[in-house]
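**Q** I'd like to ask some things about the structure below.
The values are calculated or read from the model by the stated rules, or taken from the named source; none is laboratory data. These numbers were taken from a predicted model, which means no experiment stands behind them. Every residue, glycine among them, receives a Cβ derived from its backbone with ideal geometry; neighbour counts consider all protein chains shown.
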Amino acid sequence: MGNARRVLNVGAGTGSYEPTDRAVIAVEPSEIMIHQRANGSAPVVCASAMALPFPDKSFDAALAPLTVHHWPDQTRGLREMARVAKYCVMLTYEPSSSASWLTSDYFPEIAVHDRAIFSPAESYRNIFTRVEIRAVPIPHDCSDGFLEAYWRRPETYFDPGARSAISSFARFDAGSGLAQLRRDLDDGTWLSRHGHLLEKTELDLGYRLVIAS
């Protein structure tokens, strides 16, 4: 966010990624998500990213963490962000850049689906004049709980609470993939294939930060 003082959080959800050290306005279309926001969180407007109810350049920066792929018209939403803010920061995911055991070995249907809904980070250059793309390595003890957060902790994927926070698992029946993962963990197959990961403290799994204006 740099020195931005007035920030718009687009597709804010429950507010997990909102900075607390500056003025934030959240935009979220889901009434369910809005009701799940914590007391004292940023003021929220029920609206769509495709039609942000703010004048041009109302904000120093607009933030969109792991949300653009949910938008029905990604280009329109990103253009709206560019309209209302001086610069924009998006956290996105490139499945094609991921060497993930989770999707390649156990949930290939998630990989197919994600390749269809996530736009490559380079495509943001079609919308913004200036674009900087940074890889975001995921630490082994990441607590954010998105799809690849548990790359060194495979047992976590058996926790229904952990899976409920990952939108990908809401779209598919995880039963067969989890059953195979359970077998591979029990008989040592997972360890023989991916045990080298236990020596790593972070891993590039395709998450990208796009800073644009």
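**Q** Within the range 1-19, which residues are in a loop (DSSP other than H, G, I, E, B), modelled with pLDDT of 90 or more and more than 17 Å from the chain's Cα centre (by Cα)?
**A** Within the range 1-19, N3, A4, R5 meet the criteria.
**Q** Which ranges mark the helices (runs of 4 or more DSSP H) fully within the range 96-176 that have 1 or more residues being among the hydrophobic types (A, V, I, L, M, F, W, C) and within 25 Å of Q74 (Cα to Cα)? Break it down into steps so the answer makes sense when it comes.
**A** Details: elements: 108-117, 160-164, 167-171.
So the answer is 108-117, 167-171.
**Q** Right, here's the next one. Could you tell me which of the residues I32, I110, I117 is without any contact (Cβ under 8 Å) to a residue 12 or more places away in the chain and hydrophobic (A, V, I, L, M, F, W, C)?
**A** Working: I110 fails: without any contact (Cβ under 8 Å) to a residue 12 or more places away in the chain; I117 fails: without any contact (Cβ under 8 Å) to a residue 12 or more places away in the chain.
Answer to the check: I32.
**Q** Specify the residue that is farthest from E122 (Cα to Cα); the eligible residues are those in the range 51-95 that are touching a helix residue (DSSP H, G or I) at 6+ places or on another chain (Cβ under 7 Å) and of a type in the set (S, T, N, Q).
**A** S58
**Q** Ok, one more. Against the condition loosely packed, with under 14 Cβ neighbours inside 10 Å, among the aliphatic types (A, V, I, L, M) and free of Cβ contacts under 8 Å to residues at least 60 places away in the same chain, how does A51 come out, does it pass? Don't jump to the end; show me each part of the working.
**A** Details: loosely packed, with under 14 Cβ neighbours inside 10 Å: yes; among the aliphatic types (A, V, I, L, M): yes; free of Cβ contacts under 8 Å to residues at least 60 places away in the same chain: yes.
So A51 fits the description; yes.
**Q** Hey, any hits in the range 25-40 for a residue that's modelled with pLDDT of 95 or more and touching a helix residue (DSSP H, G or I) at 6+ places or on another chain (Cβ under 6 Å)?
**A** Yes, the range 25-40 contains a residue that is modelled with pLDDT of 95 or more and touching a helix residue (DSSP H, G or I) at 6+ places or on another chain (Cβ under 6 Å).
**Q** From the list A149, A162, which one is crowded, with 19+ Cβ neighbours inside 10 Å, within 17 Å of the chain's Cα centre (by Cα) and without any contact (Cβ under 8 Å) to a residue 24 or more places away in the chain?
**A** Numbers: A162 fails: crowded, with 19+ Cβ neighbours inside 10 Å.
The match here is A149.
**Q** If I ask for residues that are polar (S, T, N, Q) and exposed (fewer than 15 other Cβ atoms within 10 Å of the Cβ), which ones from the range 114-128 would you list? Explain how you work it out, then say what you get.
**A** Applying the first criterion (polar (S, T, N, Q)) to the range 114-128 yields 119, 123, 126.
N126, the sole residue that qualifies.
To keep it simple, each residue is scored yes or no on (1) among the aliphatic types (A, V, I, L, M); (2) touching a Ser or Thr at 6+ places or on another chain (Cβ under 6 Å).
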position	(1), (2)
G15	no, yes
A47	yes, no
L52	yes, no
A64	yes, no
E109	no, no
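**Q** Output the residue which, of all residues in the range 17-34 that are over 20 Å from I211 (Cβ atoms) and hydroxyl-bearing (S, T, Y), is surrounded by the fewest Cβ atoms within 10 Å (Cβ to Cβ).
**A** T20
**Q** If I filter the range 35-46 for residues that are surrounded by fewer than 19 Cβ atoms within 10 Å (Cβ to Cβ) and more than 21 Å from S16 (Cβ to Cβ), do I get at least one hit?
**A** No, there is no match, as no residue in the range 35-46 is surrounded by fewer than 19 Cβ atoms within 10 Å (Cβ to Cβ) and more than 21 Å from S16 (Cβ to Cβ).
**Q** Scan the range 200-212 and tell me whether some residue there is over 15 Å from the mean Cα position of the chain (by Cα) and free of Cβ contacts under 8 Å to residues at least 60 places away in the same chain.
**A** The answer is no; no qualifying residue exists.
**Q** If you take the residues of the range 129-146 that are closer than 16 Å to L205 by Cβ and in contact with an Asp or Glu (Cβ under 9 Å, 6 or more places away or on another chain), which of them is surrounded by the most Cβ atoms within 10 Å (Cβ to Cβ)?
**A** Kept after step one, since they are closer than 16 Å to L205 by Cβ, are these residues of the range 129-146: 133-146.
Narrowing further to those that are in contact with an Asp or Glu (Cβ under 9 Å, 6 or more places away or on another chain): 133, 135-140, 142.
Numbers: I133: 17, A135: 13, V136: 14, P137: 12, I138: 19, P139: 14, H140: 16, C142: 17.
Filtering the range 129-146 for residues that are closer than 16 Å to L205 by Cβ and in contact with an Asp or Glu (Cβ under 9 Å, 6 or more places away or on another chain), the one surrounded by the most Cβ atoms within 10 Å (Cβ to Cβ) comes out as I138.
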